[in-house]
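*Asks:* If you scroll down you'll find the structure; I have some questions about it.
The values are calculated or read from the model by the stated rules, or taken from the named source; none is laboratory data. Treat the numbers as computed from the prediction; the structure is a model and nothing was measured. What goes into the accessible areas is simple: the full protein's heavy atoms, side chains included, and nothing from ligands, DNA or RNA. Shrake-Rupley method; radii C 1.70, N 1.55, O 1.52, S 1.80 Å.
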Amino acid sequence: MKKQEKRTDVISWDAYFMGVAGLSAMRSKDPSTQVGTCIVDSRNRILSVGYNGFPAGCDDDSFPWGKGDEDPCNNKYFYVMHSELNAILNFRGESLAGSRLYVTMFPCNECAKAIIQTGIKEVIFFDDAYQMKPEGRATMRMFDAAGVKYRKYEDTNRCVKIHV
């Protein structure tokens, strides 16, 4: 009987964790932008996940999902929590220091502050649509100053397809 060899065509850790971030994004009820995050430790264990949506206890049907109303209180921006912050706050362990964060969209400056403050050391992002906007430029400036590495995910076409 011939010895069977193990598979060698498995997906990379990056593909796996970006796939988890993509699946997390699919939980978002935001009609225009679905974002997901997966935070992992140095041993490739998932520490936390999150997606963009309203805080716990805020009914999805009682708050606005739109973004074009003249009254800012009738737009989603005052209420929706970003996936990165959601994943950070969902974490129930001791520390996120030294971890990696996989996210389907480049982080905004507000999420960058939380990422830096928790000690996350690397951010891998799928979509860079907002990277060169003012919020993204501020994110890069803070990441550079704080020593947080960031890089665009290199799609291997072997993971879950992510729709941003």
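*Asks:* Compute the orientation-averaged projected area for region 13-152 from the convex hull of its Cα atoms and round it to one decimal in nm².
*Replies:* If you wrap the Cα atoms of region 13-152 in a convex hull and average its projections, you get 8.4 nm².
*Asks:* Taking the 0 to 90 degree range and rounding to the nearest ten, how far is the long axis of helix 109-118 tilted relative to the main principal axis of the chain, both from C-alpha atoms?
*Replies:* Roughly 50 degrees between the two axes.
*Asks:* Would you mind getting the Kirkwood hydrodynamic radius of region 1-60 from its Cα pairs, rounded to one decimal in Å?
*Replies:* Working: mean 1/r = 0.0724 Å⁻¹.
Across region 1-60, the inverse of the average 1/r is 13.8 Å.
*Asks:* Taking amide hydrogens as modeled 1.01 Å from N in the peptide plane, which residues meet the under 5 Å criterion relative to TYR130, leaving out close sequence neighbours?
*Replies:* Close amide H contacts, sequence-distant or interchain: PHE106.
*Asks:* Next up: To the nearest 10 Å², what's VAL49's accessible area with a 1.4 Å probe?
*Replies:* Rounded to the nearest 10, that gives 60 Å².
*Asks:* If you don't mind, there's one more thing I want to ask. Pairs LYS113/LYS149; LYS76/LYS113; LYS29/LYS67; LYS29/LYS133: which are spaced more than 19 Å apart, C-alpha to C-alpha?
*Replies:* LYS76/LYS113; LYS29/LYS133, as the Cα separations exceed 19 Å there.
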